[in-house]
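The values are calculated or read from the model by the stated rules, or taken from the named source; none is laboratory data. Note that the structure is predicted; figures quoted are calculated from it, not measured. All Cβ positions, even for glycine, are placed from backbone atoms using ideal geometry, and neighbour counts span all protein chains on display. Side chains are part of the model used for accessible areas, which takes the heavy atoms of the whole protein and leaves out ligands, DNA and RNA. Shrake-Rupley method; radii C 1.70, N 1.55, O 1.52, S 1.80 Å.
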Amino acid sequence: MKSREELNRDNERRRIERTIPGSLTAERLRALIDYNPSTGEMTWRVSRGNVAAGAPVAVSLSRGYRIMGVDYIKYPAHRLAWLYVHGEWPNQHLDHINGIRADNRMCNLREATGTQNNMNSDRRCDSSNLFRGVTFNKQKRRWQAKYSNEHVGFFRTPEEANIAYLAEVNRQMPSGFELPCHRAYNQQYGSEIP
C-alpha cells in the first residue's frame, strides 16, 4: 500500500507528464528559449522580469527530472527539449538512455514505450538481487531468470541467469533499442549477448 506522500508524488508526476499538446508550440518555445542539443542547457532568449536574456533557465528537480516554467505552466525539461528540436510533442514516453534524468542532451533522449522506459531504469533500491529479472528460487536451490513474469530458466549462478535474462530481453525488444545493461555486459565480457 502506498503512503499518502507517495500517492501525492505520483499524482504530481502524472500532472507534470500530462503536458497538453498544443498548449505550448515549438514556435513559442523557440521565441523564448535557446536550447543547446549537445549540452542540454537552456537559456532565455528574451529578458523576463528580472532575468536577463542569455541567463540559464531556472529549473527545479522533481524525482531527478528538471522541471521548468514557461508561460506560467511547469513542464519537464526533457519534453521541452524534444519539442524544441523536433517541432512536436513526443508521442510516447521519453527515455533518458544513460539513466540520468537531469541529462537532457538530445543524444540522450529517445521515444520509448512504457515497457521500454521501465526496462531502462535501475533495479529497485530495496532489492537484494544482483541483477534485474534474476531471483533465487529456494525450493530448487537455483537462480531463476524471468522476463515479463515469464519463466526463462533456472541456472547455477546469478551471472548465467542474467545472461539468459538479457538474451530474452534482446529477443523481445525492437531492433535498435539497446539498454545500458547491454553495453555494460559487452564491455565487461567483450562479446554480444546471445
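For the structure I just gave you, tell me whether N108 is of a type in the set (S, T, N, Q), closer than 30 Å to N162 by Cβ and modelled with pLDDT of 85 or more.
Yes, satisfied.
Would you confirm, using the coordinates I've provided, whether K2 is modelled with pLDDT under 90 and assigned to a strand (DSSP E or B)?
no
For a quick check of your reading of the model, give me the residue pairs whose first member lies in region 89-117 and is at positive phi, whose second is of a type in the set (D, E), with beta-carbon atoms closer than 9 Å and at least 6 apart or on different chains.
Partner pairs satisfying both residue conditions: G99/D122.
Can you pull out every residue in region 131-146 that is on the phi > 0 side of the Ramachandran plot and either open to solvent by 50 Å² or more (accessible area, probe 1.4 Å) or over 24 Å from the mean Cα position of the chain (by Cα) (or both)?
Result: R141, single match.
Can you tell me which residues in region 32-52 are open to solvent by less than 60 Å² (accessible area, probe 1.4 Å) and among the hydroxyl-bearing types (S, T, Y)?
Matches in region 32-52: Y35, T43.
Is one or more of the residues making up region 95-117 hydroxyl-bearing (S, T, Y) and farther than 15 Å from A26 by Cβ?
Yes, that holds for at least one residue.
Among what's in region 147-194 and is at pLDDT 90 or above and either within 21 Å of the chain's Cα centre (by Cα) or surrounded by 16 or more Cβ atoms within 10 Å (Cβ to Cβ) (or both), pick the residue that is nearest to N98 (Cα to Cα).
Result: V152.
Here is a check on your reading of the model: is I100 at pLDDT 80 or above and touching a Leu at 6+ places or on another chain (Cβ under 9 Å)?
no
Going through region 14-43 one residue at a time, which ones are under 13 Å from Y75 (Cβ atoms), in a helix (DSSP H, G or I) and at pLDDT below 65?
R15, I16, E17
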